[in-house]
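K.L.:
Encoded as structure tokens, here's the structure I'll be asking about.
Taken together, the values in this text are just the output of simple stated rules run on the coordinates, not laboratory data. Keep in mind that this is a model prediction, so the values were computed, not measured. We place every Cβ from the backbone using ideal geometry, glycine too, and count neighbours over all the protein chains shown.
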Amino acid sequence: MKLPDPETYPLLSKVTDPAELRKLSVEDLTALAKEVRSFLLHTVSQTSGHLASGLGVVELTIALHYVYNTPFDNIVWDVGHQAYPHKILTGRAGFMDTIRKLWGLHSFPWRGESPYDTASVGHASTSIGVALGMAVAADREGKGRKTCAVIGDGAMTGGMAFEALNHAGSLGESLLVVLNDNEMSISEPVGALSKYLSYILSNANYNSIVRGGKNLLKNFPLLQRIAIKGHEYLKGMILPGTLFEELGFNYVGPVNGHDPEALVTTLRNMRNLPGPQLLHVVTRKGMGYEPAENDPTKYHGVPKFSLDEGVSSSSRETYASLFGRFLCESAEKDSRFCAITPAMCEGSGMKEFSGKYPKQFFDVAIAEQHAVTFAAGLAAGGMRPVVCVYSTFLQRAYDQIVHDVALPDLPVVIAVDHAGIVGPDGPTHQGVFDISFLLPIPNMVIMAPGLIGDFRAMLDAALAYARPVAVRYPKGPGNERSAESAELSEARKSLGITVKEDDGGAGDNAGIAGDMHQSPAAAVIADRLRPEIRLARARIVQMGRAKADTAILAFGALLPFAMAAGKGTGAFVVDMRFIKPLDEELLRALVDAGVRYFVTAEDGVETGGIGEHAARFLGSISDEVKVRTIALPDEFIRQGTSDELYRLYGLDSAGILLKTEEFVRKERSLRRIRDEAAKEPHGENHQEIRHDAPKSGAGGARPRERAREHA
Ligand SMILES: Cc1ncc(C[n+]2csc(CCOP(=O)(O)OP(=O)(O)O)c2C)c(N)n1
């Protein structure tokens, strides 16, 4: 615990919660803001995390907790990436050095963490809807509880925000929406709304005249009514749209979001106004730290860095950087090619493409649903769209994939970025559901590169298939570097496994396929040594030794771990490549070649995952086969570094090795006991055991269907 030092932070060290904050004078708030900003900067530079957005809302956060009686009153943060100052002021300053770490403070507001965190968030554009629900509940409760949503101009572009505004206007519930307008999303905001907001800002003088007029006429109701009519008319002419007022909100603003006194005065005035209120606050993203003010996109989320030197740019090869190259080269070749992002241009590696091919690039703002449906329209019109969405945000666009893309079988490539474990952003951002939710959709092809070297060829193939295709790939460079670990050596030692120089290569074809080179199964197995990407074809990356009875099937980013785990075990290791269609031909061939124990490994939730699906298929072709699925459990996956989480959930090399060995050893000994019992002619269990005993058939495996026919 690192509490703010009273010498450096004389005011902040006293603000142990908002009640203490409210004891300060309004004049103190500017000095407090300076301390909060400095504390935030020092902490985040040492821990990594979201920075520029938090720096921009320091005064706003102070003013909100100063005016509102939190935690009795509700403050709902949109996304929550800007909520670090809120955490600092609500009793968590001493824990800020643990933020985003395993077992540490959450990256975003989290209900279980503090009574001041009214919602658990991380995805954009939810605050108005949540706040509206809370406002209705507070109204029913009848204790005078106030509710306030804080939403950025970026998050305001999301459809959910508009849906909630629309509803709030019609309900007429008392609610304050603070629009934090810093004229930035992660990158430059796009769309008509941001143009509209800029227009309001450029007419700021007009607004202050109107506000002044409203105050002046307060005591002359008739004159005020006439003036208001004129004002509406004038506003309609000067400020086209008067969007928020048309939606039923009382619009106030723009207000300088870095002036605590102005904010406190305005909030005090608005706190008790009835009906839906919208306060338009203007802030600067990155405020108080020059490098962040100059480049708020770069400082949106930062790694650890030196405050003197700033964040240095990384040039390492990642899945996103390869994706960017694919976009540029595809656009060069085909003018029908285009790419779409819902406000994640930088994170998805699309910056260069957006600059070089502006006509083929579409940033649709934070609108995942629209991104997918828009792609469907482009495809229907003869273009070749690739829509790139982080796995976690793709959850938003499920019906659009089903209804708009897959149902009409349109050639849309969905690049599912940040799939699997993403690390410190925690439960709201882990990309662990996409396999389970994409798998049941007819017409879809779902691919997952196991190695970064295969990614480009997979993207090219996805485009060439000209049908609905999802390619899911991990954040960063993947797991190839973290596959060999101290834990793995320990695990090998404890299991008595030694790795020889030549262990673990796919080139050695002398094993099982060599033994039975005449059989159809051997031909299929030998075929799967081919490295190129072919539809519904896996690649064997480690040949099983002669008489191998085990195969590890890896789907996507866990492949490097599976390869390391498989070394020295004599098992087949397969890079499945395709989640859908599954390479059923290979699985059949492996069963025919004598494989009885299958381990599946995927970085998604087990429920409805590809492991379950493969197990069902294997069960349908053989009664003898046993399957162990390795996947994430039925719980929300916490935060931590990716390596920590792989280890914690047993998905790293050591985890896969230990689970595989435990499973195979247990199943082998059960089989031995069963076989011996089957040979034994006497005993009570004889019939029962015989019933379960392995059935003979082609290659030792007998399809259930045939067994049923014989019965
Ligand atoms: C549904 C969804 N899509 C994308 C994101 C990624 N994201 C996080 S913050 C952000 C920009 C938010 O901009 P704004 O609301 O203006 O806040 P600012 O950072 O400018 O304060 C985006 C796109 C997200 N959190 N949720």
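K.L.:
Which net charge results when you count Lys and Arg as +1 and Asp and Glu as -1 among the other residues whose beta-carbon is under 10 Å from that of Met444?
P.N.:
Every neighbour counted, the sum reads +1.
K.L.:
For Met543, Met287, which order do you get if you count the other beta carbons within 10 Å of each Cβ and list the fewest first?
P.N.:
Met287, Met543
K.L.:
May I have the pair-distance distribution P(r) for the range 486-686, computed from all Cα-Cα distances with 5 Å bins from 0 and rounded to whole percent?
P.N.:
1, 7, 15, 19, 20, 16, 10, 6, 3, 1, 0, 0
K.L.:
With contacts defined as alpha carbon pairs under 8 Å and 6 or more residues apart, what's the relative contact order of the range 319-472 in percent?
P.N.:
22 percent
K.L.:
Kirkwood hydrodynamic radius (Cα pairs, Å) of the chain?
P.N.:
For the chain, the Kirkwood estimate is 28.2 Å.
K.L.:
Would you calculate the convex hull of the Cα atoms in the range 252-328 and tell me its volume per residue in Å³?
P.N.:
Here the figure is 179 Å³ per residue.
K.L.:
Next question, about the same structure. Residue-wise, which Karplus ³J(HN,Hα) couplings in Hz belong to the range 524-529, taking 6.51 cos²θ - 1.76 cosθ + 1.60, θ = phi - 60°, and x for glycine or proline?
P.N.:
Computed from phi, the couplings for the range 524-529 are 5, 4, 5, 4, 7, 7 Hz.
K.L.:
How tilted is helix 127-141 with respect to the longest principal axis of the chain? Cα atoms for both, answer in degrees (0 to 90, nearest 10).
P.N.:
Orientation of helix 127-141: about 70 degrees from the principal axis.
K.L.:
If packing is taken as the average number of other Cβ atoms within 10 Å across a peptide's residues, how do 640-647, 565-572 rank, most packed first?
P.N.:
565-572, 640-647
K.L.:
Something else now. I want to check the label-to-label distance for Thr641 and Ser669. Put each point 7 Å from Cα in the C-beta direction and report it in nm to one decimal.
P.N.:
With each label point 7 Å from Cα toward Cβ, the separation is 3.6 nm.
K.L.:
Give the long-range amide H neighbours of Ile579: residues separated by 5 or more places, or on another chain, with amide H under 5 Å away, using H modelled in the peptide plane at 1.01 Å from N.
P.N.:
Answer set, sorted by chain and number: Ile446, Met447, Ala448.
K.L.:
Just want the ordering: Trp110, Trp77, from fewest to most Cβ atoms lying within 10 Å of their own Cβ. Walk me through the intermediate numbers first.
P.N.:
Values: Trp110 21, Trp77 30.
Ascending number of Cβ neighbours within 10 Å: Trp110, Trp77.
K.L.:
Right, here's the next one. Would you mind ranking Asp425, Asp503 by Cβ crowding within 10 Å, fewest neighbours first?
P.N.:
Asp503, Asp425
K.L.:
Looking at the chain, send over the antiparallel percent of its DSSP beta bridges, to the nearest 5. Intermediate values should be presented prior to the final figure.
P.N.:
Numbers: 9 of 65 bridges.
So the antiparallel bridges amount to about 15 percent of the total.
K.L.:
To continue, here is another question. Give me the mean projected area, in nm² to one decimal, of the convex hull enclosing the Cα positions of the range 319-472.
P.N.:
8.0 nm²
K.L.:
For Arg467, enumerate residues with amide H under 5 Å from its amide H, sequence gap 5+ or separate chain, H modeled in the peptide plane.
P.N.:
For Arg467, the qualifying residues are Val412.
K.L.:
Please list, ordered by chain and number, the residues whose modelled amide H lies under 5 Å from the amide H of Leu632; skip anything fewer than 5 residues away on the same chain.
P.N.:
The list, which skips near neighbours in sequence, is Gly604, Val605, Glu606.
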